[in-house]
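For reference, the structure is listed below as structure tokens.
The values are calculated or read from the model by the stated rules, or taken from the named source; none is laboratory data. The structure presented is a predicted model; accordingly, all values stated were derived computationally and were not measured. Here Cβ is always computed from backbone atoms with ideal geometry, including for glycine, and neighbour counts include all displayed protein chains.
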Amino acid sequence: MEHTLNPNRIGLAAAGTAGLLYIACVLFIVLAGKEVYVPFFNSLFHGIDIAPIARASISFGQTIMGLIITLIGMWLIGMIFAWLYNWQQK
């Protein structure tokens with residue numbers, strides 16, 4: 001039995017998931033402060049020190065632009081994933 005994926009639905013699911021993670025990340029940075037989020041993200045990035053590039057604040061416009069770029073990028077990645085999955089099913 002062959003299963004196919006709907007590329008648009010997979011793209012939207014990927015974009016929605018990435019968007020929620022992006023918003024959670026922004027809220028964490030805003031609420032936790034630099035002294036908390038720098039060590040946290042250093043741990044996630046396997047010891048890479050982000051302190052030199054970490055900023056204390058980011059504008060609302062930059063946040064929205066980052067969210068839009070994340071949504072579009074992940075939608076495309078989800079679509080490509082579904083297309084490749086369906087293609088290899090043939």
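Worth a mention:
- Count of residues meeting criterion [within 24 Å of Trp87 (Cα to Cα) and among the basic types (Lys, Arg)] in segment 1-45: 1
- Boolean, Gln89 is under 30 Å from His3 (Cβ atoms) and among the polar types (S, T, N, Q): yes
- Selection count where residues are closer than 23 Å to Gly73 by Cα and among the charged types (D, E, K, R), scope segment 1-54: 1
- Members of segment 1-24 found to be surrounded by 14 or more Cβ atoms within 10 Å (Cβ to Cβ) and under 14 Å from the mean Cα position of the chain (by Cα), listed by number: Gly11, Leu12, Ala13, Ala14, Ala15, Gly16, Ala18, Gly19, Tyr22
Residues checked against (1) at pLDDT 95 or above; (2) exposed (fewer than 10 other Cβ atoms within 10 Å of the Cβ):
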site: Val26; (1), (2): no, no
site: Val30; (1), (2): no, no
site: Gly33; (1), (2): no, no
site: Pro52; (1), (2): no, yes
site: Ser59; (1), (2): no, yes
site: Ile68; (1), (2): yes, no
site: Gly73; (1), (2): yes, no
site: Ile77; (1), (2): yes, no
site: Leu84; (1), (2): yes, no
